[in-house]
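Below you'll find the structure, written out as structure tokens, and then a few comments.
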Amino acid sequence: MNISVLDIVKSDLATNLSDGVALFDVIKTKKPSEITISFVGVRLISTLFLNESIGRYATMNSKTIQELKFEYPQGKEMFAHKVDDVIENALLGDEYDNFVDKALLSM
């Protein structure tokens, strides 16, 4: 099943919390192996959007999240790096939160 972020957020900017929730609501009941999330046509994505959509989905499907497929716009290689980082951080869970807390305390 191909899921177009552009169609869900109705914009070429996937940047806010409510858009992340909208994507999550579409994908939450699907198996990762059945989904391709397409960012084609999207100009900008934010970590907030990705955390609320892909990150939440990763925590629910931690054993199978690597089966999820993505399609990115040409020339937007950074999108793949952001998505990979969000998934990795979501899978780290409390360990990631501890890293962030320690970093904030050291400032």
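Table for the structure above
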quantity	calculated
Local electrostatic count, PHE39, Cβ distance below 9 Å [Lys/Arg +1, Asp/Glu -1]	0
Surrounding net charge for LEU50, when Lys and Arg each add one and Asp and Glu each subtract one, Cβ distance under 14 Å	-2
(1) 0.95; (2) 1.08; (3) 0.98, with the label sought being that of the calculated Rg/Rh (Cα atoms, Kirkwood Rh)	(3)
Lys pairs, the chain - Cα-Cα below 30 angstrom, 8 or more residues apart or on other chains	23
On Cα atoms only, tilt of 17-27 relative to the major axis of the chain in degrees	60
Within a Gaussian network of the chain (alpha carbon springs, distance under 10 Å), most fluctuating of ALA80, ALA14, ALA58	ALA80
Chain lengthening between SER33 and SER46 when straightened (0.36 nm per residue, less Cα-Cα)	2.2 nm
The chain: relative contact order in percent, alpha carbon pairs under 8 Å with at least 6 residues between	28
Estimated [θ] at 222 nm from DSSP helical runs (n ≥ 4, -39500 (n - 2.57)) normalised by residues in the chain, nearest 500	-14000 deg cm²/dmol
Simple Cβ-charge dipole of the chain, Lys/Arg +1 and Asp/Glu -1, about Cα centre, in debye nearest 20	260
Cut-off under 5 Å, modelled amide H: who pairs with GLU71 long-range	ILE37, SER38, PHE39
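All of the numbers you see were taken from the coordinates with simple rules; none came from a lab. This is a predicted model, so every value here is computed, not measured. Because the Cβ atoms are built from the backbone with ideal geometry, glycine has one as well, and the counts that use them run over all protein chains shown.
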